[in-house]
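One structure below.
The values are calculated or read from the model by the stated rules, or taken from the named source; none is laboratory data. No experiment lies behind these values; they were computed from the predicted model shown. Neighbour counts run over all protein chains shown; Cβ positions are idealised from the backbone, glycine included.
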Amino acid sequence: MRALCQSLLLLASLVLSVAPAAAFPDWLEPMGGQGHGSSAPDLRAPLTAPVEVWGVEFDQLLGQPVVSAGVVYVVAKSGKGAKLFALDLQTGEEIDSESLAGEEFGHVSVLGSAVVAVTDEAHYYFEHRGKSFKRGKVVRGAFRSPASLLPGLSAVTTPEGLQVLELRNGKVLFEHPSDECKPLVVQTGEGEHSIYTVYTEALARNSGAQTSRVIVSGAGTSSPTVSDPQTRLGGAVVTGAGEQQARLVQLEPGPGWGPLLVASNSLVMTRGKDTRPFFFAGPGSSNQLPALESDPVRVGVDLYGRTGNGIVLRSGMDGGGEGLMEAKDRPEGGVDGPITSAGEVLLMGNWALDLPTRRILWVARDMEFTGPLIPVADGTVLYQSGAGRLVCAHDVNASEVEAEVAPPELPESLEVEDGYAYRIVVQARAALDRAFAEDLIGAFETYSKRRLLADARRVLAEAETRGLPHSEVAALESKLAGKSENSAGNRDRQLAAAQEDEAKVRTDAAERTIEFAKRCAEASLGLEAAALLATVEGYFPSGESVPEKIRMSVQTVAAASMPANFPFRSEGNPEARWVRWARELAPAGAWFVEPASILDAKRGAPIDGQPRPQAPPDSMWRQDTIGLRTKNLSLLSRTMDPAIVGACLRNGEATVRTLETLLANPPQPDDEPLQVRIHASRPDYLNEDLGEGEAAPEWSLGFYMPWTRVSRFFVPDSSTSLNQGRSLHEVVSHELTHQYIAERWREVAGGRRTANTPGYWIVEGFARFIEDQSLEIARRGDALDDPTVQSVESAAAIHSSGGGIPLELLLRLDQLQFQRLADDPLGTVQLKSTLVHLTHTAKSAFYDQAAAVVFFLANRSGPEGRERLLATIRSHYKGETGLTPWREMGFKTRASLEKALAAFLDNPGLAPR
């Protein structure tokens, strides 16, 4: 780990958003509703390798840290015993400490002001209200697990089994046979908690595990009660001999899902139902997985875990699953560790994996870690280094100081000068969200005053997602330190009153949004008005209905903003349909047009200048089709899915803007829109009559036909695997690059390129380059310099294997020769930064190798590289490619180009930070 100066400037520069973490080893245990554990869906993962903010040295850490209200609690060895430490999360400075007996382990649990430390010799209860510890009852004994806390109670295990202790007096309220694993506590009703335990004495006989559930009523009151245990015998979860260890971890949140039994060599999920608290999947269930080396984590509806031999598995709650990766797929420099998650990112040790894209986000090669990376705030983790060092790390550079930014304000003027009206939506949403966040502070204060701490934390977390600065969140959460959950007899009445205040905050936010949307509609910005209306439902919690008054107001403004030619105006609930469409179309600035206006518009001459016997008929596009226009595109679509259409338009517009900048080709008033057509399915696409002798390529999701000046695509279904698994949006970007150069780039207008012009690599290579880099713009900016994209890593893998197309042949091939390249599989390569195995053909190798040459020229050939790249493109499209193209690229000989390119492919480098 890189050492950073812990100066006051550095500490001031990293204002952390505090979020609590869970205790070892059961990472998904919710800690009485406070902890994220290893599964933190509401936190942003570090997007670059985290750098150290602070580090504190101890003799030896005896357990994992727990974070609550801006305080880090951890037990460490001290002399012949141990100490419980409280540290400031932002600075690492010690707040207080208390001596403990025990030296084998020390686990911390926190609930409100109650802090429990369990060692191998005693169970300690403290009150901590942000400063000094106040020691409570100490219970001596041979304890074996961390505590799971309820209001006023602690559930812990000893060699004899489960014990439920009253914190104030140490009295044993309940005992039950159990393994020496942490009990699982889940709030299952108002004033009701369930404690789950597992008993695997029968595991050695392969007869499953007994799981028990007891219900605690009145936790936090003077007279809590515990029900008789309900028990069930699980399925056969063990198939091998030897010592067994079982644990319970919580799948939370997750509709209908209860505890998860983890044994040493399998796991079984249990589904919670109203009539049956839980049950185990039986023998042979598809929910059983091989041995896991650490507890699994939950992301969405899937579980992820790593086996002892390094295989990472995904198990779906629907019973499906797959091997996500093998040990050989680990990135270079990557070291495995217990898996944790933040958002949709898995933290896998010293590296991180983005699940939606399967991209490896970063590898922290110098990180010295022991145990898991624990997400505690946006972009922030805690981890142990060596035996006794506790480290807090963040994904920003030490030199980046958080600037004071004024809260955003609603736009005063609705005039649009540059034609990009969506800026108004972006600015308005930021202002409306921030106003909502400020109002949520009032709801937070109301809940905090009534000691309704779970609700206080809930609304504060929501305020942060709406733009409340980290520093304010941390300051507000610190106010909860030392408070315990309300257990008074009038709690329900206080909760109802606070919920009324919160409901008003939400209604006020919705009304502000509707009012501004109305202003937009009155200013003839109907698309933008409806896009704002699409955000109204988000002000109300999931599962709660929108108040009737708000719903009717949305419907009224939506009707006023709906264009007369909206294709679905005559269908059911047109206002709601219009709002859904507007949400998807507004970022591209799209508007509906009649399909005939696109089909009948006068088109330019065929790009290649060669006449055709007849134009393809357009009859299929005159029915069951919608038409849309943007600044740069005209689109005909036979799919009526607004999400698909909107994404294609957004990506298409982004591609055009990227090309305008890269090619120094500003838009002109007489530019014709680039015409795009989307089929609803592959059969629809393949069956289109394209004229005499023409047919859509069966191997691709789409193609550009120059002589008709149209790009055609289709929406793939789940069974379609074309273009090496590339998405429709990627292929749209690729083909629009061809189309833009052919129809818009004035420097090559009237060029004499034919299908026999050598150097076709630059045509497909540049399009693949734009396709890959455009995917990274949102994450990396518009520098177009990410070497971890698929084409570059694929070309590097082909190069290292000694295969692929020789450079001399790659540079010489013309279009007809390219089309004759074989589609037979040549081999499989594994990418370094994406968990994908690609099966290569000669044709796919051509695409990736050509794109790698383009990347090399654009980003690894000095300050003149990009201009030389553009000169190479110009020469080819003008039909002027010579016999020595490497000279135009800045190399005296082909051998010198080959040497430089090989050096690049040997080490393409990391993505820029």
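Overview of values
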item: Residues of segment 154-179 satisfying the condition of being within 20 Å of TYR199 (Cα to Cα), in a loop (DSSP other than H, G, I, E, B) and free of Cβ contacts under 8 Å to residues at least 40 places away in the same chain; result: PRO159, GLU160, PRO177, SER178
item: Test result for SER145, within 30 Å of ARG451 (Cα to Cα), in a strand (DSSP E or B), of a type in the set (S, T, N, Q) and under 36 Å from the mean Cα position of the chain (by Cα); result: no
item: Residue pairs meeting the criteria (Cβ under 7 Å; at least 6 apart or on separate chains; first closer than 21 Å to GLU502 by Cα, in segment 547-560; second modelled with pLDDT under 95 and in a helix (DSSP H, G or I)); result: none
item: Output for segment 808-821, where each listed residue is surrounded by fewer than 19 Cβ atoms within 10 Å (Cβ to Cβ) and within 39 Å of the chain's Cα centre (by Cα); result: GLN819, LEU821
item: Pairs with Cβ under 9 Å, 6+ apart, first in segment 83-94 and in contact (Cβ under 8 Å) with a residue 40 or more places away in the chain, second crowded, with 24+ Cβ neighbours inside 10 Å and hydroxyl-bearing (Ser, Thr, Tyr); result: LEU84/TYR73; LEU84/TYR124; ALA86/TYR73; LEU87/TYR73; LEU89/THR380
item: Neighbours by Cβ (under 7 Å, 6+ apart or cross-chain): first from segment 120-142, touching a residue at least 40 places away in the same chain (Cβ under 8 Å); second among the charged types (D, E, K, R) and not in a loop (DSSP other than H, G, I, E, B); result: TYR125/LYS137; PHE126/GLU98; PHE126/LYS134; PHE126/ARG135; GLU127/LYS134; PHE133/ASP96; PHE133/GLU98
item: Residue among ALA767, ALA797 that alone is more than 24 Å from SER875 (Cβ to Cβ), in the same structural domain as SER875 (by TED's automatic domain parsing) and part of a helix (DSSP H, G or I); result: ALA797
item: Pairs where the first residue, in segment 339-352, is free of Cβ contacts under 8 Å to residues at least 40 places away in the same chain and over 9 Å from LEU373 (Cβ atoms) and the second is outside any strand (DSSP E or B) and not polar (S, T, N, Q), C-beta under 6 Å, 6+ apart; result: TRP351/PRO331; TRP351/GLY334
item: One residue from ASP329, ASP318, ASP378 being buried (at least 17 other Cβ atoms within 10 Å of the Cβ), modelled with pLDDT under 85, out of contact with any helix residue (DSSP H, G or I) (no Cβ under 9 Å at 6 or more places or on another chain) and charged (D, E, K, R); result: ASP329
item: Per-region count, segment 623-643, residues surrounded by fewer than 18 Cβ atoms within 10 Å (Cβ to Cβ) and under 18 Å from GLU730 (Cβ atoms); result: 2
item: Residues located in segment 770-794, provided they are assigned to a loop (DSSP other than H, G, I, E, B), surrounded by fewer than 19 Cβ atoms within 10 Å (Cβ to Cβ) and touching a helix residue (DSSP H, G or I) at 6+ places or on another chain (Cβ under 9 Å); result: ASP782, ALA783, ASP785
item: Search result, residues across segment 535-546 that are assigned to a helix (DSSP H, G or I) and touching a residue at least 12 places away in the same chain (Cβ under 8 Å); result: VAL536, TYR539
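So that you can scan it fast, the table gives a plain yes or no per residue for (1) closer than 14 Å to PHE904 by Cβ; (2) modelled with pLDDT of 90 or more:
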position	(1), (2)
GLY781	no, no
ALA797	yes, yes
LEU821	no, yes
PHE855	yes, yes
ARG866	no, yes
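Yes or no, residue by residue, for (1) of a type in the set (S, T, N, Q); (2) modelled with pLDDT of 90 or more:
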| residue | (1), (2) |
| --- | --- |
| ALA654 | no, yes |
| GLU660 | no, yes |
| PRO683 | no, yes |
| ALA696 | no, no |
| VAL715 | no, yes |
| SER719 | yes, no |
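Here is a yes/no grid of residues against (1) touching a His at 6+ places or on another chain (Cβ under 6 Å); (2) closer than 22 Å to GLY781 by Cα; (3) not in a helix (DSSP H, G or I):
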{"residue": "VAL854", "(1), (2), (3)": "no, yes, no"}
{"residue": "SER861", "(1), (2), (3)": "no, yes, yes"}
{"residue": "ARG874", "(1), (2), (3)": "no, no, no"}
{"residue": "LEU901", "(1), (2), (3)": "no, no, no"}
